[in-house]
Each structure stands twice: as structure tokens, then as C-alpha cells.
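Okay, structure first, notes after.
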Amino acid sequence: MLAGVIAVAIAASIAGAALTRAARSPAPASSCLRPNAPSTADSKPAAQAPDSGGIQVAEQGFTQIKESKPLFSDRWVSIGAVLANTSAHVAYRTHVVVRMLDKEGRSALAETAAPVANLDIPLIMPGQHIGLGSRLPVHEDDRGRLAKVARVEVTLGSTHWLPSTGDQGLAQVAAHHVRTERDSEYPTDSMTYYSIESTYCEKLFPRGVSVVFRDATGRVVGGSFDGASSLRCDPGANKGQVSTADVLPPNFDGPKTTVSVYCDLQPRDRTIYIQPTGQTVPLPSSEPFN
């Protein structure tokens, strides 16, 4: 019924229509990092590192958004999760798939949104916790009824395990939440402000920003992801902001919000899929959205 509305909203997200801006400061001192680009030839399960431990889903939560805009009420789900690297290795380009299920265990995700539910996290350092946010539309049947999400699953795929010692010269680009402001007219819309610090000598390759929302008890109640390109992966100290729509849970506690910036060491190899007519077609659902 409203598939066109959802498709347009997803296309806008893919194009980076969600507003993201960053202000840049001078580059760091000469002690900055100059790592070599890691090999991506050999991928392994993210849940099991070469030694012991691996990537785990430490926390997760969601809210099916009810809002004052009737056209979009119950149509979007705000999802947040926290991943933990319990190993002594660096996880490079960890692939994650977010699934939404109804009470019968059936997929509640709109079919057109399958690619958006696949994300890569460029770096997860040993012992690090990193946020994963997502905003996904629900399935609508032929009678216009919207699926009710009963649970969300965050599934770990593959990663590239790198040693944490030697001349790797790797570090996570640190992000700090400054504040999140709720829109006065549309309370499910918000603007999140953050600051970051990169110890790398050169600009890295942006892969997106994840925001995770929590309630007053600290429980994860949602999140969002913005794949728009910006200057947030430049060397030194930077400031940025992310505008999100139809994603803010009513019980979120602003100061408990966390921001994670995804900065990659090398550009992503993107495959172009071309039909016999010469027209490009969307990436398959197994390809990471970012």
C-alpha cells in the first residue's frame, strides 16, 4: 500500500539524506598512526577469534515507533545493540545482519529493506565495546496491516582477524556523545551532536555513524545508523551531528546515548551489478549497506 513511501525513505537513507556534518581541527602531531591496509583475503567467523574469545552481542534492544504522523506510526523500528570483542585480536570489517521477527518467528522486515539490515563495522579493537544502530521498516501485507515486531536478532557473520601486536599501528577512532535533542514538533525525530578524536595521520574512509539510545535504567531501547559521508574521519579532533527521523523512543534518556563512528583503513570494493539492458540493479541482500 505504502511501499513507494518506504522505498523512497530507504533510498534517501542510502543516498545519505540524513544530515551529517563535521567540523575539523588541525591534524595531530607527528606521532600519529600510519598503518598499512590490512588484507581482506581471508575471512573467519566473527564469533571465534584465532586464540580465544571473539565478537559477542553484549546488549540489544528495540522500539517499534508510534508517532504523531499517522502515515508512519508503527512503520519503523528503532534498534540498538552493543558488540564486544573479548579476544586479543583486532576484528576488521565485521559483518553484521539485523533481523526483525514477529511472534510466530516470521520476518517482520519490509522486503525492500533487506540490504539496509546488513552492515560492516570496520574496526573492533581487543576488549572494545562498540555500538550498532539501525532504523528499519516493517513488512506490510496485502491488506495494509503492519507487522508487529516481537524480537530482534543481531547475527554475526565473518570478520578478518588481525594480530594486536607488531607494526599494525591500529586504533579505534574515539567518539563521544555530546547531546541529543528531540524535535519539538515531531518527538520521534532528533539531532545528535558528537565529537571524535582520530590519532591517524591521514583521513580514513567513512562507513557511517551508529547512535544507540538507552532509557533511564541504562537499558538499550533503540538506535539509528547514518551512512552519509562527511569529514568525521579526518585526523585530529572533530565535531559532527546526525539528524534522524522516526527513530527516537519515547523513554530514551539523552545523557545515556552513545555514538560510534565507523572509519575504515581503505575504501570498500563495491561490485556493480548490471542487467543485460545495461541498467544497474540494487546490491544483493548479503552485501553490506555501508
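The values are calculated or read from the model by the stated rules, or taken from the named source; none is laboratory data. Every value quoted in this text rests on a predicted model; they were computed, and no experiment measured them. Cβ atoms come from the backbone with ideal geometry, glycine included; neighbour counts cover every protein chain shown.
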Out of HIS139, HIS160, which single residue is closer than 24 Å to VAL98 by Cα and in contact with a helix residue (DSSP H, G or I) (Cβ under 8 Å, 6 or more places away or on another chain)? HIS139
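Within segment 256-264, identify whether any single residue is of a type in the set (Lys, Arg) and either modelled with pLDDT of 95 or more or surrounded by 14 or more Cβ atoms within 10 Å (Cβ to Cβ) (or both), and answer yes or no. So that I can check it myself, show each step before the final result.
Pass one, segment 256-264, residues of a type in the set (Lys, Arg): 256.
The next check asks that each one be either modelled with pLDDT of 95 or more or surrounded by 14 or more Cβ atoms within 10 Å (Cβ to Cβ) (or both); those that pass are 256.
Yes.
Based on what the data block shows, is VAL97 within 19 Å of the chain's Cα centre (by Cα), surrounded by 21 or more Cβ atoms within 10 Å (Cβ to Cβ) and of a type in the set (Val, Ile, Thr)? First the steps, then the outcome.
Working: within 19 Å of the chain's Cα centre (by Cα): yes; surrounded by 21 or more Cβ atoms within 10 Å (Cβ to Cβ): no; of a type in the set (Val, Ile, Thr): yes.
Here the answer is no, as VAL97 does not meet what is asked.
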Every residue from segment 112-148 that is farther than 21 Å from GLY222 by Cβ and part of a loop (DSSP other than H, G, I, E, B): MET125, PRO126, GLY127, GLN128, ASP141, ASP142, ARG143, GLY144, ARG145
Is segment 121-135 home to any residue that is touching a helix residue (DSSP H, G or I) at 6+ places or on another chain (Cβ under 6 Å) and crowded, with 20+ Cβ neighbours inside 10 Å? no
Suppose we filter segment 160-177 for residues that are part of a strand (DSSP E or B), surrounded by 15 or more Cβ atoms within 10 Å (Cβ to Cβ) and out of contact with any His (no Cβ under 7 Å at 6 or more places or on another chain); how many remain? 3
I'm trying to understand the selection: among the residues of segment 91-118, which are hydrophobic (A, V, I, L, M, F, W, C), touching a strand residue (DSSP E or B) at 6+ places or on another chain (Cβ under 6 Å) and either at pLDDT below 95 or more than 18 Å from LEU204 (Cβ to Cβ) (or both)? VAL96, VAL97, VAL98, MET100, LEU101, ALA108, LEU109, ALA110, ALA113, ALA117
